[in-house]
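Working notes, beginning with the structure itself.
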Amino acid sequence: MLEKLTHDDLLMLTSVNEGPCISIYIPGMPDKTLLLEYETLVRRAAHLLSLDAKNGEKKELLDSLYSFNPAEHLQRSDFGMAIFVNKHWKGFYMAAHTVPSKVVVAESFHLKPLLEDLQGESSYHILTLTPLEAVLLHCDGGSGTEIHNFLFHQGQHSNSIHWKHLDETETSQIPHLKSHMRGRGLDDNQCKKKSGVKLFLRWIEAKISREPGYKQVPLFVFAGENMFHTYKEVTSHPSAVFFKMDPSKSSPRMEALIHQAQIHVKKELAQQRNLSAYELEKMNHQKKVIDDLVKISRAAINGHVRTLFLQNNSEIWGELHRKSGQITFHEKQTNAKDDDILDDIACEVIRHGGEVVVLSKEDMPSQSPAAAILNS
């Protein structure tokens with residue numbers, strides 16, 4: 001059975017070098033066409049496995065592919081699916097973007113179509129805040145999962161508030177609120193509400209700030225303007241992004257929230273790529289850019305590449321020998337060990353914390369399909 005993979009799983013796949021590793025990519029399409037395309041890709045995987053007589057795991061690997069139905073999960077034409085199988089890994093990843101139809105069998109997993117996913121460009125949190133409820137979503141690829149839900153309401157007594165999280169219910173007294181409010185008449189409830197909401201936000205922040213990667217991935221907060229400013233006072237997140245939401249209405253559907261967040265992510269990504277391309281041009285003039293594939297591969301394996309630039313729609317087949325950094329080149333994928341060398345190098349760069357940027361042929365600094373800026 002294939003399990004659904006997360007962004008963290010993808011990062012772990014960059015370190016897998018135990019072949020045969022089957023990587024299948026399939027774009028969204030109508031169910032009948034999707035199943036036919038998937039069967040074709042699995043047959044291609046079986047053929048590539050047969051080229052290596054030592055592949056004793058062939059039947060087990062193929063059985064897990066034969067029993068999988070991608071149409072049960074891939075139901076949007078603008079999404080894509082990646083399937084990864086070897087003797088230790090059997091899973092699929094949903095991408096919030098299209099992917100090419102492709103199958104690769106190699107000593108490592110083929111991950112180049114998921115470069116933006118690998119670099120966390122589709123991993124973020126969404127927090128919706130209303131006067132009565134707070135919901136935290138973790139978004140990975142094109143899907144979101146609710147990981148926290150908090151309910152809030154005023155207590156019967158003038159200085160009490162209640163909140164609920166999962167099976168946990170708490171009641172809190174707002175210190176000195178009762179005496180502070182005495183004689184305020186109609187303003188009593190406003191004072192109580194403001195104090196109660198701030199305590200509520202402090203309480204949920206204490207819970208959600210413990211989530212793995214909470215401060216590292218983007219946080220998009222959907223709330224009324226007043227509530228957002230109150231949340232800004234208590235949050236530990238370094239750069240929460242605000243989206244205005246009418247507090248008198250119910251929270252938008254998850255798909256609508258994810259769509260708005262992705263628009264912002266793509267805008268930020270485009271700006272980042274422009275900066276990276278500008279830096280490439282500047283460093284190229286200073287002759288600080290290398291474009292020899294063997295030199296780049298050795299630097300990548302040793303964690304010395306700060307930024308790797310790849311030419312879009314370019315592939316170089318062969319084997320990257322990870323101990324020496326040497327490359328054996330082939331004209332095309334010829335056996336169950338070949339992979340796109342550019343994919344292997346990109347995975348090494350990401351695994352060591354570097355950045356990978358894809359450019360058009362015209363924007364590359366040389367005729368080479370890869371260029372790199374090394375750590376200083």
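The values are calculated or read from the model by the stated rules, or taken from the named source; none is laboratory data. On a predicted model such as this, the values are computed, not experimentally measured, just so you know. Methodologically, a virtual Cβ is constructed for each residue, glycine included, from the backbone with ideal geometry; neighbour enumeration extends over all protein chains shown. For the accessible areas, the whole protein counts, side chains as well, though only heavy atoms, and no ligand, DNA or RNA atoms are used. Shrake-Rupley method; radii C 1.70, N 1.55, O 1.52, S 1.80 Å.
Taken together, Ser366, Ser360 contain a single residue that is open to solvent by 20 Å² or more (accessible area, probe 1.4 Å), in contact (Cβ under 8 Å) with a residue 12 or more places away in the chain and either under 19 Å from Arg298 (Cβ atoms) or among the β-branched types (Val, Ile, Thr) (or both), which is Ser366.
On the given criteria, is Met12 at pLDDT below 95, over 25 Å from Ile316 (Cα atoms) and open to solvent by 10 Å² or more (accessible area, probe 1.4 Å)? Here the answer is no, as Met12 does not meet what is asked. Looking only at residues in the range 325-357 that are in contact (Cβ under 8 Å) with a residue 60 or more places away in the chain and in a strand (DSSP E or B), the one that is surrounded by the most Cβ atoms within 10 Å (Cβ to Cβ) is Asp339.
Only a single item in (1) without any contact (Cβ under 8 Å) to a residue 12 or more places away in the chain; (2) open to solvent by 70 Å² or more (accessible area, probe 1.4 Å) is not met by Thr40, and it is number (2). None of Tyr38, Tyr25 is under 18 Å from the mean Cα position of the chain (by Cα), closer than 26 Å to Asn335 by Cα and hydroxyl-bearing (Ser, Thr, Tyr) except Tyr25. Could you tell me which residue of the range 239-269 is least open to solvent (accessible area, probe 1.4 Å), considering only residues that are within 22 Å of the chain's Cα centre (by Cα) and among the polar types (S, T, N, Q)? Taking the candidates together, the pick is Gln262.
Would you point out the residue of the range 85-122, among those that are in contact with a Pro (Cβ under 8 Å, 6 or more places away or on another chain), not in a loop (DSSP other than H, G, I, E, B) and not charged (D, E, K, R), that is most open to solvent (accessible area, probe 1.4 Å)? Filtering first and then ranking leaves Pro113.
Thr6 meets each of the listed conditions (1) farther than 18 Å from His110 by Cα; (2) in contact with a strand residue (DSSP E or B) (Cβ under 7 Å, 6 or more places away or on another chain); (3) among the hydroxyl-bearing types (Ser, Thr, Tyr) apart from (1).
Residues in the range 288-324 that are open to solvent by less than 70 Å² (accessible area, probe 1.4 Å), assigned to a strand (DSSP E or B) and either free of Cβ contacts under 8 Å to residues at least 24 places away in the same chain or under 12 Å from Ala372 (Cβ atoms) (or both): Val289, Ile290, Val305, Thr307, Leu308, Phe309, Leu310, Gly318. A count restricted to the range 15-37 and to residues that are among the hydroxyl-bearing types (Ser, Thr, Tyr) and surrounded by fewer than 17 Cβ atoms within 10 Å (Cβ to Cβ) stands at 2. From the list Ser77, Ser67, Ser143, the one residue that fits, being small (Gly, Ala, Ser), farther than 28 Å from Leu257 by Cα and open to solvent by 10 Å² or more (accessible area, probe 1.4 Å), is Ser67.
Let me confirm something: among Leu62, Leu51, which residue is open to solvent by 50 Å² or more (accessible area, probe 1.4 Å), more than 23 Å from the chain's Cα centre (by Cα) and at pLDDT below 95? Walk me through how you get there before you give the answer.
Details: Leu62 fails: open to solvent by 50 Å² or more (accessible area, probe 1.4 Å).
Checking each option against the conditions leaves just Leu51.
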